[in-house]
Amino acid sequence: MNKQFTVYEHEKLYLGENGLTKKQLEQLQVFHERGGHPYFSLGHKYVKFCEQVGVLQLADFSIEILPKADKSVDQNHWRKMLIDILRAVDSLPIQTPSSSQLKLKPNAILSLYFDLYIKELQYLLHRGLIKRYKKVERNQTALKGKLIFAKQLQKNVCQQQRFYVRHSQYNKEHLIHHILYKALILLSKVNREANLKSKISSLLLDFPPMPDLFISEASFQKISFHRNNEHYRRALAIARLLLLHYHPDLQRGQQEVLALMFDMNALWERFIFKSLKKQLGPNDRIWAEPRKKFWQFSDQNSSVYMKPDIILQLNNKKYVLDCKWKRLEQSKPSPHDLRQLYVYLDYYEGQKAALIHPNGVSKAGFFQPQKNTDAKDCSVLGVSIPSNKNIGSWQQEIFRQVKNWAEE
């Protein structure tokens, strides 16, 4: 039986009676030693998780890491909140059922992505898989296409009934289907939901077999979407998430890990951005400023860049917003955050600046005036995380809070 653990970000999971077994801890240590996966750090007989949230699934156990911004210990509350945020920032398709309709159980996020991928493939098969022309070189008994003389002389001198030719085939074997099929094979290996097994088996019978190619980020960058393949976009988005977060152990073969993890700081920033953008008036603007060069050596060999999270323009006035997913001690921002906001405010000529965090406590503040300068407004905006509001109402409340602060 597969063991399931549920922890919160920045928490520790210990070796012991109600924690990890020695074998499970060793599997996590091996995965960590392979490098490049900043999901947790190792300690003496424990692992400590960072700001990454989601699900780690290993050979015979899985760990669900939930976000947490206050003292509430209701796991379903934070599980629902995470799924709502993923939906709001388009990490889940729009047609995803609301979290109130989901059975909020451990690893609900993983099961949700699996189920979504299955439904997308079923839809594509029902609609019909697209075909493309593909150049093929082969040695065959019929003269079809262009005869390749060099290969003909090399391979068929003694077989005059055969022809080495190059021609085009119109079939379903192309990069998009290679990716979808590889993700389907992966799903059949890592799925542990009994109710999905028959659906996956059915898809494996219906989907045409594809060659096993190496899939990387570069493979997805080769795909360009147009009106003939636009309906593949969601299936490919989920396939990308699954394939690029799967870490096979090529040496041992027993430490394969599926890490469906999200940086909570990045999610929070995107959620605030989407929430504000959704409510903007026709004359208002919001944008994520591209990074700008802030400092460099005189020989130009090295530079330091800066990039604020959000620039908001309301009534022709510019506001700088910095989003941090963390609890502020006594609602007091850190000196590092304040220095960062001070520079952003001056560099981007903002009217005001604010640090948006999930504590629910807001306080007005300002930077002390210097010679020939006025005091600059820098406030702390605490966004409350509701336990029973739908995502749309929550986003409207966030916009009202930011707008009221801007108009003060």
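Key figures
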item	result
Search result, residues across the stretch 366-408 that are in contact with a Leu (Cβ under 9 Å, 6 or more places away or on another chain) and of a type in the set (Gly, Ala, Ser)	379, 382, 406
Residue in the stretch 159-166 that is closer than 27 Å to residue 209 by Cβ, open to solvent by 70 Å² or more (accessible area, probe 1.4 Å), without any contact (Cβ under 8 Å) to a residue 40 or more places away in the chain and outside any loop (DSSP other than H, G, I, E, B) present	yes
Pairs, first touching a residue at least 12 places away in the same chain (Cβ under 8 Å) in the stretch 272-293, second outside any loop (DSSP other than H, G, I, E, B) and open to solvent by 80 Å² or more (accessible area, probe 1.4 Å), C-beta under 8 Å, six or more apart	279/396; 286/277; 291/305; 292/305; 292/347; 293/305
Per-region count, the stretch 115-148, residues aromatic (Phe, Trp, Tyr) and outside any strand (DSSP E or B)	2
Single match in 155, 144, 131 (criterion: under 30 Å from residue 200 (Cβ atoms), open to solvent by 70 Å² or more (accessible area, probe 1.4 Å), touching a strand residue (DSSP E or B) at 6+ places or on another chain (Cβ under 6 Å) and touching a residue at least 12 places away in the same chain (Cβ under 8 Å))	131
Subset of the stretch 1-53 [surrounded by 15 or more Cβ atoms within 10 Å (Cβ to Cβ), part of a helix (DSSP H, G or I) and touching a strand residue (DSSP E or B) at 6+ places or on another chain (Cβ under 7 Å)]	24, 25, 28, 31, 32
Hits in the stretch 201-236 - residues which are outside any loop (DSSP other than H, G, I, E, B) and either in contact with a strand residue (DSSP E or B) (Cβ under 6 Å, 6 or more places away or on another chain) or without any contact (Cβ under 8 Å) to a residue 12 or more places away in the chain (or both)	202, 205, 218, 221, 230, 233
Filter result for residue 164 (among the aromatic types (Phe, Trp, Tyr) and either within 16 Å of residue 231 (Cβ to Cβ) or in contact with a strand residue (DSSP E or B) (Cβ under 9 Å, 6 or more places away or on another chain) (or both))	yes
Options 355, 328, 345, 321; residue that is of a type outside the set (D, E, K, R), in contact (Cβ under 8 Å) with a residue 24 or more places away in the chain, more than 19 Å from residue 273 (Cα to Cα) and open to solvent by less than 20 Å² (accessible area, probe 1.4 Å)	328
Residue in the stretch 237-244 that is over 26 Å from residue 382 (Cα atoms), modelled with pLDDT of 90 or more and either basic (Lys, Arg) or in a loop (DSSP other than H, G, I, E, B) (or both) present	yes
Residue check, residue 264 under 24 Å from the mean Cα position of the chain (by Cα) and not aromatic (Phe, Trp, Tyr)	yes
Test for residue 316: is it open to solvent by 30 Å² or more (accessible area, probe 1.4 Å), of a type outside the set (Val, Ile, Thr) and modelled with pLDDT under 90	yes
Extreme residue, nearest to the chain's Cα centre (by Cα), among residues of the stretch 169-200 that are surrounded by 12 or more Cβ atoms within 10 Å (Cβ to Cβ) and in a strand (DSSP E or B)	171
One residue from 130, 118, 85, 63 being more than 30 Å from residue 232 (Cβ to Cβ) and at pLDDT 85 or above	63
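The values are calculated or read from the model by the stated rules, or taken from the named source; none is laboratory data. This one's a predicted model, so the numbers in the text were calculated from it and none came from an experiment. Every residue, glycine among them, receives a Cβ derived from its backbone with ideal geometry; neighbour counts consider all protein chains shown. All accessible areas refer to the heavy atoms of the entire protein, side chains included, with ligands and DNA or RNA removed. Shrake-Rupley method; radii C 1.70, N 1.55, O 1.52, S 1.80 Å.
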